[in-house]
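Report on the following structure.
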Amino acid sequence: MIAVHKDQLPYRPCVGAMLVNAMRMVFVAKRIDNPRNYWQMPQGGIDEGEDPVQAVLRELQEETGTDKVEIIAESDHWRTYDLPDELVGKLWGGKYRGQRQKWFALQFLGEDKDIDINAHKKPEFSDWKWVDFDDLVNLAVPFKRPLYTDIVTELQPLVGL
């Protein structure tokens, strides 16, 4: 077996969703596979033949169980993050060094009862909640905090609720 250096691996194409409710709070969820108290916004890979808009709506439906949303903003660029060295090779079949993400801000048009994190056959989350924009970065896993800072800086002013 030939060892591949992390820097030789590509980024996984992905989308992220900043779901905002009428109270200007942001949806975050706790991953089933992470026992620590870290929370994240919905995100996921772009399937073959999918554009980012289709992907974010599909991922949001899979991870939150709702499609009662409206896209209100799209990030103006793609963002990348690298996995910590100890996770490279363990996630996504070892094919990626991290993710290349297109982020969207979406208005939640439903009620809390419309969210069902167990709706998908393989749920990714064990819990969810609404949080203030100011809390997003500190709730994220440490290696994603710079990414979350950048996302909040760009998308929060565009939410305009």
Do the conditions hold for Phe143, that is, is it within 18 Å of Trp39 (Cβ to Cβ), of a type in the set (Phe, Trp, Tyr) and at pLDDT below 95? yes
Keeping to the stretch 129-161, report how many residues are among the acidic types (Asp, Glu), in a helix (DSSP H, G or I) and more than 18 Å from Gln99 (Cα to Cα). 3
The one condition in (1) assigned to a helix (DSSP H, G or I); (2) modelled with pLDDT under 95; (3) surrounded by 15 or more Cβ atoms within 10 Å (Cβ to Cβ) that Pro123 fails to fulfil: (1)
For residues that are surrounded by 15 or more Cβ atoms within 10 Å (Cβ to Cβ) and out of contact with any strand residue (DSSP E or B) (no Cβ under 8 Å at 6 or more places or on another chain), scanning just the stretch 136-151, find the one that is nearest to Asp85 (Cα to Cα). Arg145
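Among the residues of the stretch 34-70, which ones are among the charged types (D, E, K, R) and farther than 16 Å from Gln99 by Cβ?
Arg36, Glu48, Asp51, Arg58, Glu62, Asp67, Lys68, Glu70
The values are calculated or read from the model by the stated rules, or taken from the named source; none is laboratory data. Predicted model, so just to flag it, every value in this text is computed and none were measured. We place every Cβ from the backbone using ideal geometry, glycine too, and count neighbours over all the protein chains shown.
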